[in-house]
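The values are calculated or read from the model by the stated rules, or taken from the named source; none is laboratory data. Quick caveat: nothing in here was measured; it's all calculated off a predicted structure. With ideal geometry, Cβ positions are generated from the backbone for all residues, glycine too; neighbour counts draw on all protein chains shown. Each accessible area value is taken on the protein alone, full model and side chains, heavy atoms only, with ligands, DNA and RNA left out. Shrake-Rupley method; radii C 1.70, N 1.55, O 1.52, S 1.80 Å.
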Amino acid sequence: MDIETVVIAGSGPAGLTAAIYAARAGLKPLVLEGLTPGGQLTVSETVENYPGFPDSLSGSELMSRFRKQAERFDVRFQRGSIQEISRIENQYNLRIKNNTTRTKSLIIATGAQARRLNVPGEKVFYGRGISGCVTCDGAFFKDKKVIVVGGGNTAMHNALYLTRFAKKITILHRRTRFKADIYEVEKAKKSTEIEWMVPWVITDITGDETLKGITARNIETGEICTLECDGIFVAIGHQPKTEVFSSIVKTNQDGYIIVAPNSTVTTAPGIFACGDVCDPVYRQAAVAVGHGCMAAMDAQEYLTREE
Amino acid sequence: MLLTNLKHLETKNAAESLVHCNENVMICCGRMGPMCVPVYEIMEELQPRYPHVVFADMEFDTKDAAFIKNLPECRSFMGLPFTVYFKNGKAVHSTSSIQTEDQITTILNNVFTEKYK
C-alpha cells in the first residue's frame, strides 16, 4: 500500500490553502474534495469582504481561483470524503468509499454544513420552495413572495439577490440584533422590496404540492402569526462536519475540533484541523485561509520531527 | 455541455430514445452549480455499482431540457437539480435539489426493482 505524506480532507479556503502551502513544501498533498468541492463558499453569490478583490466576485469564482493556484503546484485531487478513520501506529488508515488510503498526517478542513430549521414541513418542502442557495434557485421565485431566514451576511446577501426576482422579500430573524456587518444590514434596509420580521422564528411550514406559507412565533411576545409565502431561503449558519473524526480527535460539545492554542494541533498526533471545523467564533474565509496555512506548516514540522 | 463523466443528453430526442430503449434510467437535469455537482459526482461513483441503470445528465438551461422540466413529476420543483428516475420509459420517481448518496441509493434500490415492472 502506498503511504501518503499528507492528506487534506476538504476543499474550501482552509483546505486549499493548506494544500498550496503543503505542496510548496514538497509534501505532495492529496486533497479529498468532499461532497461539495470548493466548500460552502460556492453557494455565495457575492463575496465582497475577501481582500484582494476590490470589485467582489462570486464564491464559485473565488474557489475556482484557489483551486487553479493549488493545481499549479501539482496538488492532487480526489473525489469523496473520509468515511472511517483508524490509527495504525503512527499512521492513519482512511476509508474513502471502497478504498483505504494510508497517510502519515491528516489535515481536517471539512468545514461546516448549513443548518436546517428543524421544523415540521421542512423536509417535505425542501426543493419545493425551501432552498439554501439563492444563486441556484433564486430564479424559480420570479414575482413570488419569499422569506429569508437568518441575520448574518449571507441572509442579507440572499435577500438583496432575491430582489432581482421576487416581488416581496421578508427577512425573518430570531434576534433584534444582526450578526451581519452594519454595511450589509444598511444595504438591505435601503431596499424597498425587503420587509423585516424580528424577533420571530418559524414554527411550521405548510403547503400542498409546493410551499404556501409559514407559522411564526414572536420570541419576545409569544404572538403567533401565519404568513403566506412561496419560498424560504435558509441562512441560519452552519455546524461543523466532524462526526467521522470524533472518535479520534477531541471535539467540544458543539462538535468543533479542539486545537491547541495558537496552532492547528489536535489531540491526535499527526492530525491537524483548520477552518470552520475548529472555529466556532469567526467562521470567515479569510480566517480559514490563515488556519490552512498554519495547518500545513504544523504538519510539515510534525513530519520533519517524525523522520 | 455539463462537465461530468456521465452520458450527456443534448436533445429531447436523445432523452426520449434513452428512456425508451433502456429499462432503468436516471437523469439529472441541472447546472454546474454547488447543488448539482455533488449529485453528478455521486451518480458517477454509483455507475459501476449499478450496471443495470443508465446514468445521464442534461443541461438545465437548454430548450430541450423541457423534456425533464415539463414532466408532471417536476411540476412543483423549485430547486436544482431536477432528478428523474425512469423505468421502462415511465417516470417512476423524482427529486428536487441536492441529494446525498444515501438518499440516491435508497431510491435506486427501491425504484429499480420488480415492483415497478
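Listed values, structure above:
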quantity	calculated
The range B:7-116 - Kirkwood radius from inverse mean 1/r over Cα pairs (Å)	13.6 Å
For the protein assembly as shown, share of DSSP beta bridges that run antiparallel, in % to the nearest 5	50 percent
Eligible aspartates and glutamates near A:LYS167 by straight Cα distance, threshold 18 Å, same-chain separation 8 or greater	A:ASP137, A:ASP143, A:GLU193, A:GLU195, A:GLU228, A:ASP230
Solvent-accessible area of A:LYS250 with every protein chain in place, 1.4 Å probe, in Å² to the nearest 10	120 Å²
Listed residues B:THR100, B:THR95 arranged by accessible area, highest first, probe 1.4 Å	B:THR100, B:THR95
Theoretical gain in end-to-end length, A:ILE182 to A:LYS28 [0.36 nm per residue, Cα-Cα removed]	51.2 nm
Interchain or long-range residues, amide H under 5 Å from A:ILE107's placed H	A:VAL7, A:ILE8, A:ALA9, A:PHE272
Over chain B: helical MRE at 222 nm, DSSP H runs n ≥ 4 each giving -39500 (n - 2.57), nearest 500	-8500 deg cm²/dmol
Nearest-10 value in Å² for the accessible area of A:LYS97, using the 1.4 Å probe	50 Å²
For the range A:40-194, Kirkwood radius (reciprocal of mean inverse C-alpha pair distance, Å)	18.6 Å
Nearest-0.05 FRET efficiency for A:PHE73 and A:ASP2, computed from C-beta distance (R0 22 Å)	0.65
Mean residue ellipticity (222 nm) of chain A, computed from DSSP H runs ≥ 4 via -39,500 (n - 2.57), nearest 500	-7500 deg cm²/dmol
Probe 1.4 Å - accessible area at B:GLU41, Å² to nearest ten	30 Å²
Qualifying GluC sites (Glu not before Pro) in the range A:50-101, DSSP loop, other Cβ atoms within 10 Å at most 10	A:GLU89
For B:PRO38, net neighbour charge (Lys/Arg +1, Asp/Glu -1) across residues whose Cβ lies under 11 Å away	-4
Average beta-carbon neighbours from other chains, 10 Å sphere, peptide A:127-135	6
Over chain A, volume per residue of the alpha carbon convex hull, in Å³	143 Å³
Per DSSP, loop chymotrypsin sites (Phe, Trp or Tyr not before Pro) in the range A:1-91 with at most 16 further Cβ within 10 Å	A:PHE73
Cβ neighbours within 10 Å from other chains - mean over A:76-88	1
Rounded Å value of the spacing that divides the Cα centres of the range A:1-67 and the range A:148-193	28 Å
Helix runs (DSSP H) in chain A reaching 24 Å along axis by Cα, Kyte-Doolittle at least -1.0	A:285-306
Projected label distance in nm at B:ARG75 and A:LYS190, using a 7 Å step from Cα toward the beta-carbon	4.3 nm
Rounded percent of accessible protein surface that carbon and sulfur make up, the protein assembly as shown, 1.4 Å probe	47 percent
Charge sum, other residues only, whose C-beta stays under 10 Å from B:THR4's C-beta, Lys/Arg counted +1 and Asp/Glu -1	-2
Choice from A:GLY290, A:GLY111, A:GLY231 with maximal GNM fluctuation in chain A (Cα, 10 Å cutoff)	A:GLY290
Number of partner chain Cβ atoms within 10 Å, mean per residue of B:80-86	2
Inter-centroid distance (Cα atoms) of the range A:207-264 relative to the range B:25-81, Å	28 Å
Isotropically averaged projected area of the range A:1-123, using the convex hull of Cα atoms (one quarter of hull area), nm²	9.8 nm²
Note, ³J(HN,Hα) from phi for the range A:208-213, Karplus 6.51, -1.76, 1.60, rounded to Hz, x at Gly and Pro	10, 6, 10, 5, 10, x
Cross-link table A:LYS142/B:LYS63; A:LYS123/A:LYS168; A:LYS187/A:LYS241, entries beyond 26 Å C-alpha to C-alpha	A:LYS187/A:LYS241
